[in-house]
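Notes follow the structure.
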Amino acid sequence: MKIHTHVIPVLALLLASCSLWQSPRSGNGQSSALADGQRRTAPRRSLQQADGVAGVPLLAAPIRGEKLIKREGYTVSYNTKYRIANYVAWKLTPERMRGSAKRAQFFEDPELASNEKVYFGDYSGSGFDRGHMCPAGDNKWSTTAMLDCFIMSNICPQNHTLNGGDWRILEEACRAWVSRKKESIYIIAGPIFTDAPPRWMKKRVRIPDGFFKALVCLDAGRERGIAFVYDNVAGSRPMDSYTMTIDEVEQLTGFDLFHSLPAKQQKELEAQRNLRDWTH
């Protein structure tokens with residue numbers, strides 16, 4: 001089912017009548033792709049202590065059944081029934097544009113129980129990429145943050161063409177905007193599920209029907225917001241064809257994004273979708 005602006009009211013009603021929670025299944029005991037001898041997780045520091053770079057991300061309002069896990073450079077709201085994130089939130093700053101941390105290998109989340117976590121092998125033969133929500137390119141500033149972004153709870157089943165194409169283009173655009181304008185943006189990204197029949201990988205991992213990425217900038221005099229929504233299919237279109245308001249994404253997902261912002265500011269930012277405010 002295509003995800004487009006004109007079907008949002010219908011999808012919102014359908015989503016309201018559909019439960020997002022399925023019965024859990026046991027883990028399969030598959031091993032991760034992490035190389036022998038490599039650390040399975042990095043020493044934890046508070047987000048405020050992360051070299052003054054990461055800052056504190058803005059989250060969605062609490063979601064029923066979520067497991068909220070804080071990493072060095074992002075926070076994940078994890079759905080233990082679907083075995084993927086509800087969303088991942090982080091703050092992208094000019095300081096994060098610096099650094100040379102190398103990409104890691106995927107590995108399962110050490111903070112999840114065996115029947116909750118997703119394994120590297122769950123994706124084998126599925127035809128889907130292991131698609132980052134918080135991308136590796138946003139985490140070169142810290143070896144720990146880079147390692148964290150390859151934890152499988154930050155990964156969703158993503159169409160190969162989308163992952164390497166329009167989704168990647170948006171990731172690169174976000175970094176370019178921050179770098180060029182010397183400003184910080186708050187990002188929340190995650191999967192979307194529609195009224196289409198559920199699809200599963202190996203009867204364990206729910207396959208998203210689409211993905212969203214919502215952005216707000218709170219720098220004085222530059223406050224603005226925008227969101228993007230992509231079907232989880234192959235395709236190549238101009239970036240402006242994917243824009244939506246954050247309000248519309250909230251209708252699609254049922255999540256209250258950036259809920260800690262003052263109500264007046266939230267109302268104003270979440271009604272915006274002007275791509276030129278970001279590209280110029």
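Laboratory data are not the source of any read-out in this text; all were calculated from the coordinates shown. Worth saying up front: this structure is predicted, and the values here are computed from it rather than measured. Every residue, glycine among them, receives a Cβ derived from its backbone with ideal geometry; neighbour counts consider all protein chains shown.
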Return the residues of the stretch 117-144 that are within 15 Å of the chain's Cα centre (by Cα) and within 20 Å of ILE69 (Cα to Cα); say none if nothing qualifies. ARG130, GLY131, HIS132, MET133, CYS134, PRO135, ALA136, ASP138, ASN139
Do we find a residue being more than 14 Å from ARG204 (Cβ to Cβ), touching a helix residue (DSSP H, G or I) at 6+ places or on another chain (Cβ under 9 Å), basic (Lys, Arg) and surrounded by fewer than 24 Cβ atoms within 10 Å (Cβ to Cβ) anywhere in the stretch 121-131? yes
Scan (1) in contact with a Cys (Cβ under 8 Å, 6 or more places away or on another chain); (2) of a type outside the set (Phe, Trp, Tyr); (3) buried (at least 24 other Cβ atoms within 10 Å of the Cβ) for the single condition LEU147 breaks and write down its number. (1)
Pick out the one residue from ALA234, ALA176 that is surrounded by fewer than 22 Cβ atoms within 10 Å (Cβ to Cβ), over 26 Å from ARG96 (Cβ atoms), among the aliphatic types (A, V, I, L, M) and over 14 Å from the mean Cα position of the chain (by Cα). ALA234
Look through the stretch 197-212, keep the residues that are buried (at least 22 other Cβ atoms within 10 Å of the Cβ) and touching a helix residue (DSSP H, G or I) at 6+ places or on another chain (Cβ under 6 Å), and return whichever of them is nearest to GLN251 (Cα to Cα). PHE212
If I ask for residues that are of a type in the set (D, E, K, R) and farther than 19 Å from ASN163 by Cβ, which ones from the stretch 94-138 would you list? GLU95, ARG96, ARG98, LYS102, GLU108, ASP109, GLU111, GLU116, LYS117
Within the stretch 216-228, is there a residue that is under 17 Å from ARG130 (Cα atoms) and part of a loop (DSSP other than H, G, I, E, B)? no
Is it the case, given these coordinates, that ILE155 is in contact with a Leu (Cβ under 7 Å, 6 or more places away or on another chain) and among the aliphatic types (A, V, I, L, M)? no
Just wondering, is there one or more residues in the stretch 162-173 that are in contact (Cβ under 8 Å) with a residue 60 or more places away in the chain and among the basic types (Lys, Arg)? no
Scan of the stretch 183-206 for residues that are part of a strand (DSSP E or B) and small (Gly, Ala, Ser), ordered by number: ALA189, GLY190
Residues that are among the aromatic types (Phe, Trp, Tyr) and either within 25 Å of GLU270 (Cα to Cα) or part of a helix (DSSP H, G or I) (or both), drawn from the stretch 137-182: TRP167, TRP177
Scope the stretch 262-280; condition surrounded by fewer than 19 Cβ atoms within 10 Å (Cβ to Cβ) and in contact (Cβ under 8 Å) with a residue 60 or more places away in the chain; matching residues: THR279
